[in-house]
Amino acid sequence: FATMASEAPDLADRILTVNGVSKCYAMTGWRIGFAGGPKWWADGIRTLFSQTNGGPCSISQAAAESALTGPQDFLQEWCAIYQRRGDLALAGLKGINGLTTLSPQGAFYLFPQCGGLIGRTRPDGKTINSSTDLAAYFLDTGTVVVPGSGFCCDPYFRMSIATSESKLKLGLKRMKNAVDALS
């Protein structure tokens, strides 16, 4: 990862770098982001946010500062762990008829396409008409996914890999059993 400003320093007066701590430091939910760029741009952003946003709490800010300025040696190990989890989930999803998935480029989740399951019927007689219906069905069978409709992306769903390999295996098994039970 490199910023445009570090790669093209001659353009630094026209580049705004925006990032956050959610993914790199496993701080999802803390909602801490940051930006760096020319003073005129940063001042404008600060003015805008002071009028439109309640601002992050001081605890989140302190945690983000510690993450950014503290030791970084653990990140390579974390990346390897997430790569293994992603590979495990991709392999498991390939064995579920009606789902297709691309390999993520650095996310802690997968976004399987579930169009092959739309129109199928659950054992209780309800029809799967959307990613929301599929997510509800998976929830009924003990697995939580987020419907793609929440991201304006139906028929897809979001599946986190930010859990243990044993829980991923269990979730994939439950998903496969649930899909195999559809008619």
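What lysines sit close enough to LYS169 to cross-link, taking a C-alpha to C-alpha distance under 28 Å and skipping anything fewer than 8 places away on the same chain?
LYS23, LYS94, LYS126
Which percent of the accessible area of the chain is formed by carbon and sulfur heavy atoms (probe 1.4 angstrom)? It would help to have the intermediate numbers written out before the result.
On the way: 6470 of 11400 Å².
Ligands and nucleic acids excluded, carbon and sulfur give 57 percent.
Once log10 I(q)/I(0) by the Debye sum over Cα atoms at q = 0.12, 0.17 Å⁻¹ is worked out from the coordinates, which option in (1) -0.75, -1.09; (2) -0.63, -1.12; (3) -0.89, -1.17 does it equal?
Working out log10 I(q)/I(0) by the Debye sum over Cα atoms at q = 0.12, 0.17 Å⁻¹ from the coordinates points to (1).
Modelling each spin label as a point 7 Å along the Cα-to-Cβ direction, I'd like the TRP78/THR47 distance in nm, to one decimal.
For the pair TRP78/THR47, the computed spacing is 3.5 nm.
Run the quick spin-label model on ASN129 and ALA62: label points 7 Å from Cα toward the beta carbon, then report their separation in nm to one decimal.
A separation of 5.0 nm, rounded to one decimal place.
Which far-off residues, 5 or more places away or on another chain, put their amide H under 5 Å from the one on GLY20, with H placed in the peptide plane?
Those lying under 5 Å, H to H, from GLY20 are PHE34.
Does anyone have the angle between helix 74-94 and the longest principal axis of the chain? Alpha-carbon axes, 0 to 90°, nearest 10?
That helix lies at roughly 30 degrees to the long axis.
What percent does the relative contact order of the chain come to when contacts are Cα pairs within less than 8 Å and at least six residues apart?
Details: 234 pairs, mean separation 28.9, N = 183.
Relative contact order of the chain: 16 percent.
When you have a sec, figure out the Kirkwood radius of segment 75-118 from all distinct Cα pair distances and drop it here in Å to one decimal? Write down the numbers at each step before the final one.
Details: mean 1/r = 0.0896 Å⁻¹.
Kirkwood hydrodynamic radius for segment 75-118: 11.2 Å.
Averaged per residue, what accessible surface does the chain expose to a 1.4 Å probe, in Å²?
Values: 11400 Å² over 183 residues.
I get 62 Å² per residue for the chain.
Taking the mean number of other Cβ atoms within 10 Å as a proxy for protection, how do you rank 25-38, 63-76 from highest to lowest? Walk me through the intermediate numbers first.
Values: 25-38: 14.9, 63-76: 12.0.
Top to bottom by mean Cβ count within 10 Å: 25-38, 63-76.
Helix 58-69 versus the longest principal axis of the chain: what is the Cα-based angle in degrees, 0 to 90, to the nearest 10?
80
Could you state the angle between the C-alpha long axis of helix 165-180 and the longest principal axis of the C-alpha atoms of the chain, as a value from 0 to 90 degrees rounded to the nearest 10?
Helix 165-180 and the main axis of the chain meet at about 40 degrees.
The values are calculated or read from the model by the stated rules, or taken from the named source; none is laboratory data. None of these values were measured; they are calculated from a predicted model. Backbone-built Cβ (ideal geometry, glycine too); neighbour counts: all protein chains shown. Just so you know, the surface numbers come from the protein's heavy atoms only, side chains and all, with ligands and any DNA or RNA stripped out. Shrake-Rupley method; radii C 1.70, N 1.55, O 1.52, S 1.80 Å.
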